[in-house]
Amino acid sequence: MISERFAVSDNILSDAVAATAFRRLVAHLQHRTDVQNIDLMGTAGFCRNCLADWIAEADGTIGREEAREIIHGMPFAEWKSRHQGEATPEQIARMQESVAKNADNH
């Protein structure tokens with residue numbers, strides 16, 4: 001759960017504005033296939049798969065794999081084989097440190 005300090009209240013962004021911004025984020029992430037999920041996790045504490053999980057959780061009728069296909073623009077296994085490289089020990093360490101910061105908010 002996101003803390004109140006960082007929560008976006010409903011009166012700041014309309015659903016239409018939030019949806020437009022979210023769609024733009026998804027399009028941006030689909031375009032930037034050079035950016036690895038593990039690097040997103042290590043820097044921002046979330047990745048494409050997190051977004052997909054949030055969609056599945058929010059909707060309740062969409063499964064994880066379907067949500068991942070929505071976010072990646074193709075089945076996750078295909079995206080992974082095309083764009084995801086082997087993680088380095090440094091990437092894994094940064095990701096673990098970043099994920100630890102999400103313990104109460106993710």
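The values are calculated or read from the model by the stated rules, or taken from the named source; none is laboratory data. Computed from a predicted model, the values in this text were never measured in an experiment. Counting neighbours? That spans all protein chains shown, and the Cβs are built from the backbone with ideal geometry, glycine included. Note: accessible area is taken over every heavy atom of the protein model, side chains too, but ligands, DNA and RNA are not part of it. Shrake-Rupley method; radii C 1.70, N 1.55, O 1.52, S 1.80 Å.
Assorted remarks:
- Distance between modelled label sites at Q96 and M74, nm, 7 Å Cα→Cβ extension: 3.2
- Separation of the R64 and R24 label points, Cα + 7 Å toward Cβ, nm: 3.1
- Å² of accessible area per residue within region 21-104, as computed with a 1.4 Å probe and no ligands counted: 64
- Inter-label distance for R32 and R82, nm, one decimal - labels placed 7 Å from Cα along Cα-to-Cβ: 1.8
- The chain: DSSP helices with Cα axial extent of at least 18 Å and average Kyte-Doolittle hydropathy no lower than -1.0: 15-31, 89-101
- Debye, to nearest 20: dipole size of the chain, +1 on Lys, Arg Cβ, -1 on Asp, Glu Cβ: 280
- Quarter of Cα convex hull surface for the chain, i.e. mean projection, nm²: 7.3
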